[in-house]
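The values are calculated or read from the model by the stated rules, or taken from the named source; none is laboratory data. Predicted model, so just to flag it, every value in this text is computed and none were measured. FYI the Cβ positions are ideal-geometry reconstructions off the backbone, even for glycines, and counts take in every protein chain you see. Calculation scope for accessible area: heavy atoms of the full protein, side chains included, ligands and nucleic acids excluded. Shrake-Rupley method; radii C 1.70, N 1.55, O 1.52, S 1.80 Å.
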Amino acid sequence: MALTTGIVGLPNVGKSTLFNAITRAGAESANYPFCTIDPNVGVVDVPDERLDRLAEIVNPQRILPTSFQFVDIAGLVKGASKGEGLGNQFLSHIREVDAIIHVVRCFEDENITHVSGNVDPISDMETINLELVLADLETVERRLDRLARQKKSGDAEAISEHALLQRVRDGLAEGKPARQLEMGDEEKERIRSLNLLTLKKMLYAANVGEEDAANPHTHPEVKKVMEQASKEEAEVVTISAQLEAEIVELEGEERKQFLEELGLQSSGLDRLVAAAYRLLGLITYFTAGEKEVRAWTIREGTKAPQAAGVIHSDFERGFIRAEVIGYQDLMEAGSMAQARERGLLRSEGKEYVVQDGDVVHFRFNV
């Protein structure tokens, strides 16, 4: 499954610069609001050093990482939910993504104008979040109007959904995003079709200057973002979009050395992807053979037949069993043959829950 995240934020916070850096897709980046009208889409490989180590053992013809799709959505402004700055069009783009990366400006640059005149990350966060809430409130109220008519006929399903959405509406009216409202998983699933913006997981990307990339936690504006995100039970990744533009041009040892000189253990892309995976409860399993070593993304808690279905529906339909070995066990064994001799390869059935790092060979018959 390809993970899709929408990059949002106010104009000129560094969204398109970040998008360009991590996708090399050349999205337009300019110093004026709304230079991005249609969303730019870029697909990047998910970095995972385990793939390379597996390839060293298996020596496949090719290596295929799993993918991560970024959608660069135009800068939102106050009043977007009412159509300001082409807001309705931009908000519709957000509805199509799995999660939201909210880029917040934490850098000063007199050459890059701020839409509100000064750098204030908390105000920026509140502006975007309020517009998303207001857009959802309008969606819920429209649905309630339709359900009110169905209720009159005694439709039990309509009555139940109406009661649920009244609670959601009341929460949104208080400025609370839908993901923070008290709802069970079943209730969230019932309103999933509404595609509420504030029901989506959100990750804040605090965009700092190059000089602050190595020690962002001491930055006063970043501290504010972290404090606010903590109240929302959201995660924050600090990143320097300008620095990422330099990192992406380097490869291998040169890139590693550059990061070390900056005092960074990993690039912003690596940290964004890792945070997004945690946010959405995603894990990676691998298939490894002479033709290819490949990574596959599934949701945590996925059973073996459904994990097989990510490869092909026939794998799930005709599932017989899964031959499984943990990544670390395979590394310690040194080869699949040695792993078999040591009894490390397991045969698992339909109830097996695939774990992060599992190396799996599926047996099926259709």
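Some points to look at:
- Residue tally, condition polar (S, T, N, Q) and in a helix (DSSP H, G or I), over region 237-295: 2
- Breaking point among (1) buried (at least 17 other Cβ atoms within 10 Å of the Cβ); (2) polar (S, T, N, Q); (3) farther than 21 Å from Arg95 by Cα, for Thr198: (3)
- Selection within region 291-321 - in contact with a Lys or Arg (Cβ under 7 Å, 6 or more places away or on another chain) and closer than 16 Å to Asp356 by Cα: Lys303, Ala304, Pro305
- Qualifying positions in region 214-236 - in a helix (DSSP H, G or I) and over 13 Å from Ile122 (Cα atoms): Pro216, His217, Thr218
- Evaluation of Ser193 against the conditions (1) small (Gly, Ala, Ser); (2) open to solvent by 30 Å² or more (accessible area, probe 1.4 Å); (3) over 25 Å from the mean Cα position of the chain (by Cα); (4) modelled with pLDDT under 90 shows that the sole unmet condition is (3).
- Identity of the residue in region 14-58, under 23 Å from Gly209 (Cβ atoms), charged (D, E, K, R) and modelled with pLDDT under 75, that ends up nearest to the chain's Cα centre (by Cα): Arg24
- Qualifying residue in region 231-241 (condition: in the same structural domain as Glu260 (by the TED database), in contact with a His (Cβ under 8 Å, 6 or more places away or on another chain) and open to solvent by less than 50 Å² (accessible area, probe 1.4 Å)): yes
- Flag for Glu182 being acidic (Asp, Glu), buried (at least 16 other Cβ atoms within 10 Å of the Cβ) and in the same structural domain as Thr5 (by the TED database): no
- Meets criteria (surrounded by 13 or more Cβ atoms within 10 Å (Cβ to Cβ) and without any contact (Cβ under 8 Å) to a residue 24 or more places away in the chain) for Gly268: no
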